[in-house]
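Working notes for the structure below.
The values are calculated or read from the model by the stated rules, or taken from the named source; none is laboratory data. Keep in mind that this is a model prediction, so the values were computed, not measured. Methodologically, a virtual Cβ is constructed for each residue, glycine included, from the backbone with ideal geometry; neighbour enumeration extends over all protein chains shown. To get the accessible areas, we keep the full protein, side chains included, count just its heavy atoms, and leave off ligands, DNA and RNA. Shrake-Rupley method; radii C 1.70, N 1.55, O 1.52, S 1.80 Å.
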Amino acid sequence: MTITAPESYSAGPSSLQETVAPVKLWICPNEDLAPAMAGVLAAHWLDDRERETAARFLFERDRRQYLVAHTLVRRALALEAGLAEAELVIWRSSRGRPFLQPLPGGLPRGGSHLDFNLSHAGGYNLLGIVRRHRIGVDVEGLDRDAQAIETIVRTFAPEEQAWALGGPAGRARDRRVLRLWTLKEAYSKARGLGLGLPFDEFSFTLADDRGVLAFRPPADDRSGRWRFLELEPVPDVLAAVAVPADEQLSPVLQLHRGFPWGRAAPHTIALPEPVGGPPDQGI
């Protein structure tokens, strides 16, 4: 596995002192779950709405993507919550963002809140779970065509467009564009707004290799302080994670690979320092 992150640690017990539960991240390729197995799990774990959605896909590859992604969500949430996969009740906000229905008295494995976010692209599924606040994730493959890249760039703030197009044409430029895109997607999904938040109303300043140097939040973000992590979990697959900056949120992320059947030790990654601030303070 290729891990591109500010600081990472070998698999095994964390060398960092954790006071709260770390952010959990799963990267799971579709091929990790055979189609027949995905169908069996879906029949037992998914609710009526999810099964109806899966049945509406015209192409088998799209149905498989949906089944792997949603069985991954239920399996990982079940491990975190201490509930059976079929017992989880997943609702959606008015904007379509899924969330886990709270239980009276809290969850069997502690706490009363689990937030999660899912993204998939190019046969890879990315799932983030956090026990406080919100999380947003996005994954993209470096296989977009030139027209798609051009369309994406037009959604950026002017300073981001200048940076994205300032590199040499080709794969290096595509990487710049998709780094910005994954970060913007992750942030807007963490806010629960998705594409309802115009992408030119906030901006990132990125290091040439990796890392967010600065963040200008949109006007409606009262705090504007966030931690952003960029990853390349496999070659040519870019991922981003966004979580609010909070002293009660662990600065540690645990990266798991594959469908969560066993208890293999994750890779532990230190989250970068917070960036941003209230909009009226600038960057």
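Determine whether residue 56 is under 24 Å from residue 39 (Cα atoms) and open to solvent by 30 Å² or more (accessible area, probe 1.4 Å).
yes
Within the range 120-132, track down each residue that is under 19 Å from residue 228 (Cα atoms) and open to solvent by 10 Å² or more (accessible area, probe 1.4 Å).
120, 131, 132
Go through (1) under 25 Å from residue 111 (Cβ atoms); (2) assigned to a strand (DSSP E or B); (3) at pLDDT below 95 one by one and return the number of the condition residue 264 breaks.
So the condition that residue 264 fails would be (2).
Take the residues of the range 166-198 that are free of Cβ contacts under 8 Å to residues at least 12 places away in the same chain and in a helix (DSSP H, G or I): which is surrounded by the fewest Cβ atoms within 10 Å (Cβ to Cβ)?
Out of the qualifying residues, it is 172.
Working carefully through the options 208, 236, find the one that is over 18 Å from residue 276 (Cα atoms), of a type outside the set (S, T, N, Q) and either surrounded by 21 or more Cβ atoms within 10 Å (Cβ to Cβ) or touching a residue at least 12 places away in the same chain (Cβ under 8 Å) (or both).
Of the residues listed, the single one that is over 18 Å from residue 276 (Cα atoms), of a type outside the set (S, T, N, Q) and either surrounded by 21 or more Cβ atoms within 10 Å (Cβ to Cβ) or touching a residue at least 12 places away in the same chain (Cβ under 8 Å) (or both) is 236.
I'm trying to understand the selection: among the residues of the range 90-119, which are open to solvent by 60 Å² or more (accessible area, probe 1.4 Å) and either in a loop (DSSP other than H, G, I, E, B) or in contact with a Cys (Cβ under 9 Å, 6 or more places away or on another chain) (or both)?
94, 95, 102, 103, 104, 105, 108, 109, 112, 113
Given the criterion more than 16 Å from the chain's Cα centre (by Cα), of a type in the set (D, E, K, R) and modelled with pLDDT of 95 or more, identify the matching residue among 64, 92, 74.
The conditions single out 64.
Looking at the range 67-86, can you tell me whether even one residue there is open to solvent by 60 Å² or more (accessible area, probe 1.4 Å), within 18 Å of residue 43 (Cβ to Cβ) and not acidic (Asp, Glu)?
So far as the range 67-86 goes, yes, one or more of its residues are open to solvent by 60 Å² or more (accessible area, probe 1.4 Å), within 18 Å of residue 43 (Cβ to Cβ) and not acidic (Asp, Glu).
Any residue in the range 133-149 that is touching a Cys at 6+ places or on another chain (Cβ under 7 Å), crowded, with 20+ Cβ neighbours inside 10 Å, touching a residue at least 60 places away in the same chain (Cβ under 8 Å) and not in a loop (DSSP other than H, G, I, E, B)?
Checked against the condition, which is being touching a Cys at 6+ places or on another chain (Cβ under 7 Å), crowded, with 20+ Cβ neighbours inside 10 Å, touching a residue at least 60 places away in the same chain (Cβ under 8 Å) and not in a loop (DSSP other than H, G, I, E, B), the range 133-149 yields no hits at all.
For the range 232-261, enumerate the residues that are assigned to a strand (DSSP E or B), farther than 17 Å from residue 131 by Cβ and either touching a Pro at 6+ places or on another chain (Cβ under 9 Å) or of a type in the set (Gly, Ala, Ser) (or both).
234, 239, 240, 257, listed by residue number.
So which residues in the range 32-49 are in contact with a Leu (Cβ under 9 Å, 6 or more places away or on another chain) and open to solvent by less than 60 Å² (accessible area, probe 1.4 Å), if there are any at all?
33, 38, 39, 41, 42, 45, 46, 47
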